[in-house]
Each structure stands twice: as structure tokens, then as C-alpha cells.
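K.L.:
Got a structure here, written out as C-alpha cells. Questions coming.
None of the figures in this text is laboratory data; all of them are computed from the coordinates on show. If you're wondering where the values come from, they're calculated on a predicted model, not measured in any experiment. Note that we place each Cβ from the backbone using ideal geometry, even for glycine, and neighbour counts take in every protein chain shown.
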Amino acid sequence: MLVTLALSAYKAGIPLGEAAKDAVAAAVDADVVDRDKSNALGDRLKGLLTANAVSVTAKAGWLATQHERVFVDCTTYTDIRSVFSSDVEKGDPTAHSAVVVHNLEIEFHRGPEHKSEFFAMDGNDLRTLRTVIERAISKEEQLRKVIEKAGLKYIPVE
């Protein structure tokens, strides 16, 4: 919860101390916190939000999502599509053969909006995508080693 509050503050451009005060004020307004205890709570919350464990993790999450489109989820839909005979003289079309097609749906955030796009793919496209993803995972593993070798802490973004 603390990281989420700090991340929201970073996204809104609000200093962490001010975010702590705003959160406590909202709690007082909602009658969740006694007004006479609000100053002490605000100081404690500010201390927690500005602690490295919270603020650095939140800032890493903020930096990792500073893109035009941020991936949310994906799924594939696979269909069999029949190919019908084009012999008009037979009257009723007859299924002659079939193909397998895939639709890749990618959900993403674009600013505050949740969107999705669909991409038609065949088996070769899926194998190409798998190769590209495996290469990106390998690069991430190598870069993690470089980060750790430089004496920096690697923060996984999830």
C-alpha cells in the first residue's frame, strides 16, 4: 500500500511529504482518523513514504511505466477457417480445405485509458514472436548480471 501511494504521488508529480499530508487529511475527512492524532500520523506516513525501501521501489515502478503504451495482458484466439470450393455450377459451396489462423489480442494502457489491439497471425508469425521474446528474456538476464556486477541493486518490475 505504501509503494502504491508513493507511485501515485510520483505519477501525479506530488512530493512524498505532501502526499502523506493529503492522505491523512482524507482519512480525517472520512472520520477514519482523529484530527488530534493526524499530525503524528502524517509524520509517520511521511517517514515511511520517504524511506529508501518504499521511495526507490515506487520510483523504479514509475520509471518502468513511462512509455506511451504499457503492456497489461495478452491472449490468443485460434480458429479453423474453411476454404470453400469456388465451383459455382455445383450450387452449394463445398468445404474443400481449411487453414488455422490466430488472433493475438494485446491489452495495454495508453495514459489513463485501457485499450486492446488485435493482430492476425499464422504459425510462422507465432514462431517469430517466440524467438523475439526469448531473445529479449536473454538480454534481460545478461543486463541483470551487468547491473549486479556494477554493484547496483536490480529491481524487478512486475
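K.L.:
In region 1-27, what count of residues is obtained for those that are in contact with an Asp or Glu (Cβ under 9 Å, 6 or more places away or on another chain) and surrounded by 17 or more Cβ atoms within 10 Å (Cβ to Cβ)?
P.N.:
Start the filter on region 1-27 by keeping residues that are in contact with an Asp or Glu (Cβ under 9 Å, 6 or more places away or on another chain), which leaves 9, 14, 20.
Retained after the next criterion (residues that are surrounded by 17 or more Cβ atoms within 10 Å (Cβ to Cβ)): 9, 20.
Residues in region 1-27 being in contact with an Asp or Glu (Cβ under 9 Å, 6 or more places away or on another chain) and surrounded by 17 or more Cβ atoms within 10 Å (Cβ to Cβ): 2 in total.
K.L.:
Another one. Out of the residues in region 135-158 that are of a type in the set (A, V, I, L, M, F, W, C) and more than 18 Å from the chain's Cα centre (by Cα), which is surrounded by the most Cβ atoms within 10 Å (Cβ to Cβ)?
P.N.:
As a first pass, look at region 135-158 and keep what is of a type in the set (A, V, I, L, M, F, W, C): 136-137, 143, 146-147, 150, 152, 155, 157.
Next, from what is left, pick out any that are more than 18 Å from the chain's Cα centre (by Cα): 143, 146-147, 150, 152.
Numbers: L143: 11, V146: 10, I147: 13, A150: 8, L152: 9.
Within region 135-158, the match that is surrounded by the most Cβ atoms within 10 Å (Cβ to Cβ) is I147.
K.L.:
Taking I155 as meeting all but one of (1) in a loop (DSSP other than H, G, I, E, B); (2) more than 30 Å from L16 (Cβ to Cβ), write down the number of the exception.
P.N.:
The number of the failed condition is (2).
K.L.:
Would you check which residues across region 33-83 are within 13 Å of the chain's Cα centre (by Cα) and either closer than 13 Å to L5 by Cβ or among the hydroxyl-bearing types (S, T, Y) (or both) and list them?
P.N.:
G61, W62, T65
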